[in-house]
1. In this structure, is E242 more than 28 Å from L511 (Cα to Cα), out of contact with any Phe, Trp or Tyr (no Cβ under 7 Å at 6 or more places or on another chain) and open to solvent by 50 Å² or more (accessible area, probe 1.4 Å)?
2. All but one of (1) more than 23 Å from V404 (Cβ to Cβ); (2) part of a loop (DSSP other than H, G, I, E, B); (3) touching a residue at least 60 places away in the same chain (Cβ under 8 Å) hold for L541, so report the exception by its number.
3. What number of residues within the stretch 98-139 satisfy the criterion of being surrounded by fewer than 24 Cβ atoms within 10 Å (Cβ to Cβ) and either in contact with a Leu (Cβ under 7 Å, 6 or more places away or on another chain) or within 21 Å of A61 (Cβ to Cβ) (or both)?
4. Please list, ordered by residue number, the strands (runs of 3 or more DSSP E) wholly in the stretch 425-505 having 3 or more residues that are in contact with a Lys or Arg (Cβ under 8 Å, 6 or more places away or on another chain).
5. Could you figure out which of (1) more than 16 Å from A211 (Cβ to Cβ); (2) modelled with pLDDT of 95 or more; (3) out of contact with any Leu (no Cβ under 8 Å at 6 or more places or on another chain); (4) charged (D, E, K, R) isn't true of D341?
6. Would you confirm, using the coordinates I've provided, whether L541 is within 30 Å of R299 (Cα to Cα) and not β-branched (V, I, T)?
7. Only one of G479, G454, G445 is on the phi > 0 side of the Ramachandran plot, open to solvent by less than 10 Å² (accessible area, probe 1.4 Å) and either at pLDDT below 95 or of a type in the set (S, T, N, Q) (or both); which?
8. Check A363, A377, A356, A351 and return the single one that is open to solvent by 80 Å² or more (accessible area, probe 1.4 Å) and over 15 Å from W218 (Cβ atoms).
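The values are calculated or read from the model by the stated rules, or taken from the named source; none is laboratory data. None of the values given here were measured: they were computed from a predicted structure. Here Cβ is always computed from backbone atoms with ideal geometry, including for glycine, and neighbour counts include all displayed protein chains. In case anyone asks, the SASA skips ligands and DNA or RNA and just uses the protein heavy atoms, side chains included. Shrake-Rupley method; radii C 1.70, N 1.55, O 1.52, S 1.80 Å.
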Amino acid sequence: MSKINRRSANITEGVARAPNRSMYYALGYEEGDFKKPMIGVANGHSTITPCNSGLQRLADAAVQGIEAAGGNAQIFGTPTISDGMAMGTEGMKYSLVSREVIADCIETCVSGQWMDGVVTVGGCDKNMPGAMMGMLRANVPGIFVYGGTILPGRYKGQDLNIVSVFEAVGQFSAGNMGEADFCQIERLAIPGTGSCGGMYTANTMSSAFEALGMSLPWSSTMANPHDEIVAAAAEAARVLVEAVKADLKPRDIVTRKSIENAVAVIMAIGGSTNAVLHFLAIAHAAGVEWTIDDFERVRQRVPVLCDLKPSGQYLAVDLHQAGGIPQVMKMLLEAGLLHGDCITITGKTVAENLAAIPAALRADQQVIRPIANPMYAHGHLAILKGNLSPEGCVAKITGLKNPVITGPARVFDDEQSALAAIMAKKIVAGDVMVLRYLGPKGAPGMPEMLAPTGALIGQGLGESVGLITDGRFSGGTWGMVVGHVAPEAYAGGNIALVEEGDSITIDAHRLLLQLNVDEAEIARRRAAWKVPQPRYKRGVLAKFAFNASSASLGAVLDRFD
């Protein structure tokens, strides 16, 4: 069987040849088409969210690119959940679940239809890790096409984005913003198509995939409304057909060294905490040994170079104008912080892709800092451990003057009651909020806590109130926040044993998350603790809760060892 025509060979051999070929003739195939590679286009277009509502023209461009390069394009759909729309609601529990559904969808369609390669087109946060996991499982040549970032909204001379709205809620509730301004921010923050504009989860993952070698250079920071992104989608399709001919597969590209490259870029750009969870899952799908401790190892040696929201000033469109991810990667490569010999989907190595990029930064930009004068000397995603999280948890420490706090626990077993306490001004400086039973199994689905954290920022409590959770945070979150606490409360982690008023220490300098209660008392509480009844007993959430691994292992559903 030809390595570039496994599907075509399958349907022209054996007793099933006639009915199989008939099905393809019904789709308009001619005799010569059976000798062309079949390339799937996993299309994430959806009118359910601005992140995905601009993807159809990219999928169309990919189809044209495949056919122009001599392949047969076959489109199938993948679902999406809008994190921004679901945030703070029961629907947010389905967000991480959708990562698995997307991965299953791509693996099923590509493998079930015996495709020779796949172009995946996605926009919203879970589209990217879901697509990468599906491509790695199927392991036929694949490429990711990012739907692109959104352009900023504008109000009173200021750029706006989705996080502006969540923070405005806190400002409005604190009496620091009038209703007219609040309503205008709500209306104007999202001006059109594209994914959330800061270095939040979508732009973090797209940037990381470019660094990983699974997307084209420069493609990860383009804006969805701009025409260049359509040309990039067509070029990605052409490159993918060449990868099919060369039999260059995802697991050839996604290695321990290339994941280290991706994580180095995540640190340099100040990316989302969700990248930790997703790259643990991606490494698992690739069969690559990569642990939560590896993130801390990379963090210690890679500085934060980019001044990007949520804790900085600029948006992804500004990074694109400043040179994009290739400029960041060139600086890291020159500093010996990237593996230049990693192969990429272009068929070239990282070093070869970056050869023409100038090492010197453009003088007319302020988004990217030189290595000698970084935003922060070390990466921003710190892995903390201690008796509250012996498996590790993730603290996002950019934008903080002093990432250390010891204070009394304010305990909540759901997000809604925690948000209500913030809005009622019952949370004060020095408190450490504990939001639990929100992990992969407990919620289930590990929802994001952007509503509470946005409200804290809006009330001016971002640096003076700690918040820890076994749930997740939006890429738009910043402040004294610690997520992915593992083991989670539902699994009997010590976060389940915290009582109102207990002293808790968050210390990013010492990489410590500690419940300041003696071991005898913790043991007494553990003996009295009982696992709660599951919140769902049927359907997709029940299946997720039953199968999900710990957040420290990526919350994947197929870890059976």
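1. Values: more than 28 Å from L511 (Cα to Cα): yes; out of contact with any Phe, Trp or Tyr (no Cβ under 7 Å at 6 or more places or on another chain): yes; open to solvent by 50 Å² or more (accessible area, probe 1.4 Å): yes.
Answer is yes for this residue.
2. (2)
3. 1
4. Numbers: elements: 432-435, 466-469, 481-486.
Fully inside the stretch 425-505 and qualifying: 432-435, 481-486.
5. For D341, the exception is condition (1).
6. Numbers: within 30 Å of R299 (Cα to Cα): no; not β-branched (V, I, T): yes.
Considered against the rule, which asks whether it is within 30 Å of R299 (Cα to Cα) and not β-branched (V, I, T), L541 comes out as no.
7. Details: G454 fails: on the phi > 0 side of the Ramachandran plot; G445 fails: either at pLDDT below 95 or of a type in the set (S, T, N, Q) (or both).
None of the others qualify; the one that does is G479.
8. Values: A377 fails: open to solvent by 80 Å² or more (accessible area, probe 1.4 Å); A356 fails: over 15 Å from W218 (Cβ atoms); A351 fails: open to solvent by 80 Å² or more (accessible area, probe 1.4 Å).
When all the criteria are applied, what remains is A363.
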